[in-house]
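Written below as structure tokens is the structure these notes are about.
The values are calculated or read from the model by the stated rules, or taken from the named source; none is laboratory data. These numbers were taken from a predicted model, which means no experiment stands behind them. Reconstructed Cβ throughout: ideal geometry from the backbone, glycine too, with neighbour counts over all protein chains shown.
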Amino acid sequence: MNKVILAFSGGLDTSVCVKYLQKLHNLDVITLTVDVGQDDDFDEIEKISSDLGSIDHIYIDAKEEFVNEYVAPAIKANALYQQEYPLATAIARPLIAKKSVEVAKKHDATSIAHGCTGKGNDQIRFDITIKSLNPNIKIIAPIRDLNLTRDKEIDFAKENGIKISEISKKYSIDKNLWGRSIEGGILEVLENEPLEDAFEYVKFDNNSVGNVDIGFENGVPVSINGKKEELPSLIDKLNRIAGSFGIGVVDHIEDRVIGIKSREVYEAPAALILIRAHKDLEKLTLTSHELRFKAMVEEQWSWLAYSGLWLDPLLSDLNQFIEKTQERVTGKIKVKMHSGYYRVIGRESKFSLYNKDIATYLSNSNFDQTMAKGFVELWGLPSITANTVISDNNA
């Protein structure tokens, strides 16, 4: 019997997929769980896979790879899709797809399966990455292929004895170290505010004020409150610290790749703080010309990552530029946190381009203001000339 590798979370979608792959495709299912910091009970996931009749279950700890090769570049790129979403799920999918291809080759599987719907972005991220790495392998997506809806999945699960967690009945949740996405249920009604039970890190009853210091080296966070930390543990700690001050909720209308507007709710305390801090440090250490061009690069980078084009040569090209800019992005940023609000209140860097002797308005300034008059005349010359010509011709 032919084998299929199923990217498996143990949740409703992928559990349903196991049965469909067995019943409709007559395939031996090997489930694959890639640990990208979702903090699940992986022994329980293996048991779920076994109970569903999978012939094997594979667990891969990919947290270090995820953080170093996917999250770190996202921080350097200040990656926020549509200026809101830190791309947590988006950048994890290419890694899971990559591991699926590797496992399929090792186990001589003829196909790879995933639990993505036909409405979302994840199908694109999985399919394009898989086909980029192995154009000849077959991709099966039961939820998409059978046009299944969530209510039909729940009914199918009940009919086939598939256990459904209480949270799965309310929301569709995806989590990794960089953030959580929360969809479905009451959130599909735009007027409904997300309930507190949808969140893991964010607390809404803390009215105290706190500060956190983030240290960066070459664009990568390396310390928190003066203590050196490996990036995975730094992100984990910051998720809890920032979340305790109510920080981390993103609730916005998002344009999916396939053309649907959707209401998306994300929880990403560490991501939001780190990107804000990193961006502020860049303002201190990069020239205005670099910042202006990098802003365009960041928008394109975020769009590529969101749109499933992680392996597109353009993203690799953009990374080369971004890496060069990070050579001077070293320093420390202090962030104040209070009731869901956060702002940078202090910064320092040995590469700082801020010169107090020039910027100060006091008498010890060494900036000669008289030079500015000629500059202003030349700077405004095109606009002044154009407006003069327009005025003369309209007279």
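General observations
- Conditions (1) modelled with pLDDT of 95 or more; (2) over 24 Å from ILE173 (Cα atoms); (3) surrounded by fewer than 19 Cβ atoms within 10 Å (Cβ to Cβ): number failed by LEU27: (3)
- Candidates VAL297, VAL257 - the one that is of a type outside the set (D, E, K, R), touching a residue at least 24 places away in the same chain (Cβ under 8 Å), surrounded by fewer than 19 Cβ atoms within 10 Å (Cβ to Cβ) and touching a Leu at 6+ places or on another chain (Cβ under 6 Å): VAL297
- ASP236 vs. criteria in contact (Cβ under 8 Å) with a residue 12 or more places away in the chain, touching a strand residue (DSSP E or B) at 6+ places or on another chain (Cβ under 6 Å) and not in a loop (DSSP other than H, G, I, E, B): no
- Any hit, segment 252-260, residues being assigned to a helix (DSSP H, G or I) and of a type outside the set (Phe, Trp, Tyr): no
- Per-region count, segment 111-160, residues out of contact with any Asp or Glu (no Cβ under 7 Å at 6 or more places or on another chain), of a type in the set (Gly, Ala, Ser) and within 17 Å of THR31 (Cβ to Cβ): 4
- Any hit, segment 325-333, residues being farther than 25 Å from ILE247 by Cβ, basic (Lys, Arg) and free of Cβ contacts under 8 Å to residues at least 40 places away in the same chain: no
- Close pairs from segment 352-367: first loosely packed, with under 10 Cβ neighbours inside 10 Å, partner among the hydrophobic types (A, V, I, L, M, F, W, C), Cβ under 6 Å, at least 6 apart: ILE358/PHE367
- Residues being surrounded by 24 or more Cβ atoms within 10 Å (Cβ to Cβ), in a helix (DSSP H, G or I) and without any contact (Cβ under 8 Å) to a residue 60 or more places away in the chain are represented in segment 5-24 by at least one member.
- Test: SER181 is in the same structural domain as LYS336 (by TED's automatic domain parsing) and under 26 Å from ILE91 (Cβ atoms): yes
- Looking at LYS99, LYS106, just one residue is farther than 25 Å from LEU318 by Cβ and of a type in the set (D, E, K, R), and that residue is LYS106.
- Entirely in segment 277-395, the helices (runs of 4 or more DSSP H) that have 2 or more residues that are modelled with pLDDT of 95 or more and under 21 Å from the mean Cα position of the chain (by Cα): 288-306, 313-325
- Any chance ILE182 is in a strand (DSSP E or B), free of Cβ contacts under 8 Å to residues at least 40 places away in the same chain and crowded, with 18+ Cβ neighbours inside 10 Å: no
- Filter result (closer than 26 Å to LEU177 by Cα and either of a type in the set (Ser, Thr, Tyr) or not in a loop (DSSP other than H, G, I, E, B) (or both)) within segment 25-44: ILE30, THR31, LEU32, THR33, VAL34, ASP35, PHE42, ASP43, GLU44
- Among the residues of segment 87-124, those that are within 15 Å of ASP56 (Cβ to Cβ) and in contact with a helix residue (DSSP H, G or I) (Cβ under 7 Å, 6 or more places away or on another chain) comprise SER100, ILE112, ALA113.
- Some residue of segment 348-359 being closer than 26 Å to PRO269 by Cβ and either touching a Gly at 6+ places or on another chain (Cβ under 7 Å) or hydrophobic (A, V, I, L, M, F, W, C) (or both): yes
- Selected residue [surrounded by fewer than 19 Cβ atoms within 10 Å (Cβ to Cβ) and without any contact (Cβ under 8 Å) to a residue 40 or more places away in the chain] from LYS119, LYS131, LYS163: LYS131
- In the set LYS152, LYS106, LYS99, only one residue is in contact (Cβ under 8 Å) with a residue 12 or more places away in the chain and either at positive phi or basic (Lys, Arg) (or both); that residue is LYS99.
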